[in-house]
Amino acid sequence: MEIRRHLESLPLYTPIEPFEVLSARIGRSPDQIVKLDANENPYGPLTIVREALANMEFPHIYPDPESRALRKSLSKFTGISEEYILAGQGADELIDLLMRVFLDPNDCILSCPPTFGMYSFDAELNAARCIEVPRNADFSLDIEGIRNAVETYHPKLFFITSPNNPDGSVISPEIMNELLSLPTLIVLDEAYIEFAGDDLGAKLSRIREVPLRENLIVLRTFSKWAGLAGLRIGYGAFPLWLMPTLWKSKQPYNVNVAASVATQVSLEYTDELEKVVELLKLERTRLFKALQETPYLKPYPTQSNFILCQVIGRDAAELKMQLAQEHGVFIRYFNKPGLRDHIRISVGRPQDTDALIKALKSLENIPLVE
Ligand SMILES: *Cc1c(COP(=O)(O)O)cnc(C)c1O
């Protein structure tokens, strides 16, 4: 009995643990936990969405394999025709689907870390290689390095994230244009675009350009801005030449009925959702100030719903542990090159910020390590 060779050496992906597991481990009930580790929207779905979920008519019937009604709503929301749109079980499914469609063993993808971990993980899962051109110290892109890597390795896919996770920086239109002129297929991950600029990111997004180009894919999700992370719903815009292959290759019932209902109702009330996003953006400003005033933290500017901080004079892993065990505040720490002394904090509600600030203050007295 033998599994595929390359899977034996596949590193473990460490996902965020669910509420119940976290609360059981530290002996607090879920409502005493401040969860700022996975960039979820703490306000959750709109009330009207919750009602629609409670009153679902056809949970016993398989969903539409083509998500027709949903794609119609997405078309209206994004301003591009539904023939370019495919929905998935989170943007994660679409990342994996793209890799399965494009990658033969030993093919390459290109990515610019520090960034979202799923690109390299899915590449390895598909027996492909992930070529990495690290970002500069300020998280800007190394354009020369990217150019060289494209020329040398001919990556099948180039994954690029704007706003980037974990720092929240946005790629400027000029740089984005340069990337789009490279001879490779660009997968632009806009998981957090709704928090950037105004109008739910409408002006900054490049999704409307997908029909005008052959080499641009844009991925989006309802997990972060729309409060639907638990229902798993994402979507992408793809060039027409790719659509028949994607339709053939995806699981037939990938988008479940609950996710579809919740998303369609959410899209009828984008004004309400935008108010929630604006609340989170206000809270982001307040959180940023508080972090700036914390002597052992240096926050980076962000256009997303999280703030990356450099931890100065103390151990970032230990800080994460102290916040969790002593205060019930969960944040993200990455044990990765370029991020070893960094933590990422999601923007929550005012009471979440309050709890975090209180916890950070109480740790101020602990002497710094030399
Ligand atoms: C959270 C996240 C995703 C995944 O979104 P889902 O729709 O929940 O699968 C994709 N890309 C980035 C950069 C993310 O941070």
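The values are calculated or read from the model by the stated rules, or taken from the named source; none is laboratory data. As the structure is a computational prediction, the values presented were derived from the model and not from experiment. Methodologically, a virtual Cβ is constructed for each residue, glycine included, from the backbone with ideal geometry; neighbour enumeration extends over all protein chains shown.
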Failed condition for S75, given (1) within 26 Å of W241 (Cα to Cα); (2) crowded, with 18+ Cβ neighbours inside 10 Å; (3) touching an Asp or Glu at 6+ places or on another chain (Cβ under 6 Å) = (2)
Filter region 106-142 for residues that are within 16 Å of the ligand (Cβ to nearest atom) and aliphatic (A, V, I, L, M) and give the result.
-> I109, L110, M118, A123, L125, L141
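Output the number of residues of region 191-209 satisfying the condition of being charged (D, E, K, R) and within 14 Å of the ligand (Cβ to nearest atom). Working first, answer last.
At the first step, the residues of region 191-209 found to be charged (D, E, K, R) are 194, 198-199, 203, 206, 208-209.
Keeping just the survivors that are within 14 Å of the ligand (Cβ to nearest atom) gives 194.
Of the residues in that region, 1 qualify.
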Taking region 1-36, which residues are of a type in the set (V, I, T), assigned to a loop (DSSP other than H, G, I, E, B) and at pLDDT 80 or above?
-> I3, I33
So, of the residues in region 133-150 that are under 24 Å from the mean Cα position of the chain (by Cα) and of a type in the set (S, T, N, Q), which turns out to be surrounded by the most Cβ atoms within 10 Å (Cβ to Cβ)?
-> S140
For G145, the lone unmet condition from (1) within 15 Å of the ligand (Cβ to nearest atom); (2) modelled with pLDDT of 95 or more is (1)
List the pairs whose first member sits in region 54-66 and is under 23 Å from L86 (Cα atoms), whose second member is in a loop (DSSP other than H, G, I, E, B) and among the aromatic types (F, W, Y), and whose Cβ atoms are under 9 Å apart, counting only residues at least 6 apart or on separate chains?
-> Y62/Y253; P63/Y253; D64/Y253; P65/Y253
Listed residues E40, E20; which is surrounded by 15 or more Cβ atoms within 10 Å (Cβ to Cβ) and under 30 Å from L308 (Cβ atoms)?
-> E40
Which condition number in (1) within 20 Å of P155 (Cβ to Cβ); (2) within 16 Å of the ligand (Cβ to nearest atom) is the one that L103 fails?
-> (2)
Regarding L282, is this residue surrounded by fewer than 18 Cβ atoms within 10 Å (Cβ to Cβ), out of contact with any strand residue (DSSP E or B) (no Cβ under 9 Å at 6 or more places or on another chain) and of a type in the set (A, V, I, L, M)?
-> yes
Does D92 satisfy the condition of being part of a loop (DSSP other than H, G, I, E, B) and either surrounded by fewer than 24 Cβ atoms within 10 Å (Cβ to Cβ) or not basic (K, R) (or both)?
-> no
Report whether or not F58 is in a loop (DSSP other than H, G, I, E, B) and more than 15 Å from the ligand (Cβ to nearest atom).
-> yes
Do the conditions hold for L98, that is, is it within 16 Å of V218 (Cβ to Cβ), not assigned by TED's automatic domain parsing to the domain that holds L308 and not in a loop (DSSP other than H, G, I, E, B)?
-> yes
For region 189-201, indicate whether the set of residues that are crowded, with 16+ Cβ neighbours inside 10 Å, within 24 Å of L103 (Cα to Cα) and of a type in the set (D, E) is non-empty.
-> yes
Test L219 against the criterion of being within 14 Å of the ligand (Cβ to nearest atom), buried (at least 22 other Cβ atoms within 10 Å of the Cβ) and under 20 Å from the mean Cα position of the chain (by Cα), and give yes or no.
-> yes
